[in-house]
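Have a look at the structure below before the remarks.
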Amino acid sequence: MSADRDVFRAPIGTRDVLPPDSARWEALIATFADRARRFGYGLTITPLFEHLEVFQRIGDSTDIVRKEMYDFDDKGGRRLALRPEGTASVVRAFAQHRPTAPWKVWYAAPNFRYERPQKGRYRQHWQVGVEVLGDDDPAVDVEVVALASGFYREIGLREVRLLVNSMGDEESRARYLEVLLAHYRRHAGVLGDDLARAEANPLRILDSKREEWQDLLDAAPQLGEYLSDASATHFEQVQAGLRALGIDFELAPRLVRGFDYYTGTTFEFTSAALDAAQDAVGGGGRYDRLAEEMGGPPTPGIGFGIGIERVLIACDAEAVLPVPAHRLDAFVVDAVGGAEALVLLHEMREAGLAADRAATGRSVKKQWSAADRSGARFGVMLAPRELEHGSVVVKDLRRGDQREVRRDEVAVWLLAAAAGEEGGR
Ligand code: HAM
């Protein structure tokens, strides 16, 4: 096997996230984590793989379960699968641990789907998301949508649309499916061989983009007209809540999300900056039956997932969230050799400063160039003469002036300088 074969490249549909670009990931996840904290959500970490049955609950008829699952037998003969999405694992954890409801959690985690890779569609993608279990108040739907919607705004995205729909409760859906099926059968000629597919999963083809079906789909009855009183009232309250918070949204009666677990409110965030085929930068909805299906007590649930890679593509298109500069407080230049520089660097880092130095063996001149390139605020040089007097040379790399600072006070001095700068910003 030769070393230049594809085996030593990241598998198709996966990507390495490396510095400096990874700093944007840090910023994105930190922004989301902070929002989640402000909204009262706690971090949840579930295993990367689960028993296959956990994910089968998200929908036997969906492509994700039927075609795209990374499932395998482990050495003990268990049938396992890599997580294709976040909700199933979180609901499984809820059913298993039975925490006090309402239970509000957030996550940042990779998901795996054996899809045909293209820009914005990967075999491993990351989502930040939240789930709330144990509260069916429409105000929770509004809170969850507000958490997501403000996230896009907080990172600077302006061209994100919010589409909202209601899948209704079981009663609503049963009534609707009857009339929808009758509509398909009346137009069996248009659907041809796909009638069977439409019959097996009548909702799924509703948001099909196939040209020859558009008239048929435009004329199809809409779920909104068949909502039970309870579903209709809930949905109206959600819309009123969104309006009260000043969150713009569009009703999307044909919005069908890709999992069978949804009941009631569903929503999707799309970006005009992405190709139409994968323009969703996030989505979610209510799933009031899932906890019970996972062996838990009947518990309503709602949540969303936001695709990090797609958000970053949208950020590039809108020229927002630039790679944050790597901020060093100090860069050590060693003109004495020995362990002095290592000790000073260690002291500074332990004191809370961001500090680094050049690779060993570089000339002093090269070390100063590295200090300039590093973007550090101060260069700190250990020089034989100054060190003999117990001092180091501190150079302000932005202004160019330099001074002597006592060796045993330099960390404190730099901390004060860094704090002063924070305050002055
Ligand atoms: P989803 O719509 O399948 O929902 O995924 C959420 C988001 O993840 C999408 O809007 C998209 O931004 C991103 N995404 C999905 N698949 C890929 C892919 N192959 N490559 C890149 N990005 C992708 C869920 O996963 C649900 N668990 C959301 C949810 C939470 N519903 C209720 N709670």
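The values are calculated or read from the model by the stated rules, or taken from the named source; none is laboratory data. In this text, all values refer to a predicted model and were calculated from it rather than measured experimentally. Please note: Cβ atoms are built from the backbone with ideal geometry, for glycine as well, and neighbour counts cover all protein chains shown.
What to note about this one:
- Qualifying positions in the range 250-298 - within 18 Å of the chain's Cα centre (by Cα) and either over 26 Å from Trp103 (Cα atoms) or aliphatic (A, V, I, L, M) (or both): Thr270, Ser271, Ala273, Leu274, Gln278, Asp279, Ala280, Val281
- Ala10 surrounded by 15 or more Cβ atoms within 10 Å (Cβ to Cβ), of a type in the set (Gly, Ala, Ser) and within 24 Å of the chain's Cα centre (by Cα): no
- Where a residue in the range 169-196 is over 26 Å from Gly264 (Cα atoms) and its partner, wherever it lies, is of a type in the set (Val, Ile, Thr), with Cβ under 8 Å and at least six apart: Asp194/Ile205
- Just one of (1) more than 14 Å from the ligand (Cβ to nearest atom); (2) at pLDDT below 95; (3) within 25 Å of Gln118 (Cβ to Cβ) fails for Ala276. It is (1).
- Verdict on Tyr114 being hydroxyl-bearing (Ser, Thr, Tyr), at pLDDT 95 or above, surrounded by fewer than 21 Cβ atoms within 10 Å (Cβ to Cβ) and outside any helix (DSSP H, G or I): yes
- Qualifying residue in the range 301-320 (condition: touching a residue at least 24 places away in the same chain (Cβ under 8 Å), away from the ligand (no atom under 16 Å from the Cβ), touching a Gly at 6+ places or on another chain (Cβ under 6 Å) and not aromatic (Phe, Trp, Tyr)): yes
- Helices (runs of 4 or more DSSP H) fully within the range 129-244 that include at least 2 residues being within 23 Å of the chain's Cα centre (by Cα) and within 29 Å of Gly86 (Cβ to Cβ): 138-154.
- The range 307-358: number of residues that are at pLDDT 95 or above, under 19 Å from the mean Cα position of the chain (by Cα) and not hydrophobic (A, V, I, L, M, F, W, C): 5
- Residues of the range 30-81 that are hydrophobic (A, V, I, L, M, F, W, C), part of a helix (DSSP H, G or I) and surrounded by 12 or more Cβ atoms within 10 Å (Cβ to Cβ): Phe32, Ala33, Ala36, Leu52, Val54, Phe55, Ile64, Val65.
- Hits in the range 63-106 - residues which are within 13 Å of the ligand (Cβ to nearest atom), farther than 14 Å from Leu48 by Cα and free of Cβ contacts under 8 Å to residues at least 40 places away in the same chain: Val65
- Which numbered condition Glu154 fails, given (1) closer than 19 Å to Met294 by Cβ; (2) away from the ligand (no atom under 11 Å from the Cβ): (1)
- Out of Tyr226, Tyr184, one residue alone is touching an Asp or Glu at 6+ places or on another chain (Cβ under 8 Å), surrounded by 13 or more Cβ atoms within 10 Å (Cβ to Cβ) and at pLDDT 90 or above. It is Tyr184.
- Qualifying residue in the range 279-294 (condition: within 10 Å of the ligand (Cβ to nearest atom), of a type in the set (D, E, K, R) and buried (at least 23 other Cβ atoms within 10 Å of the Cβ)): yes
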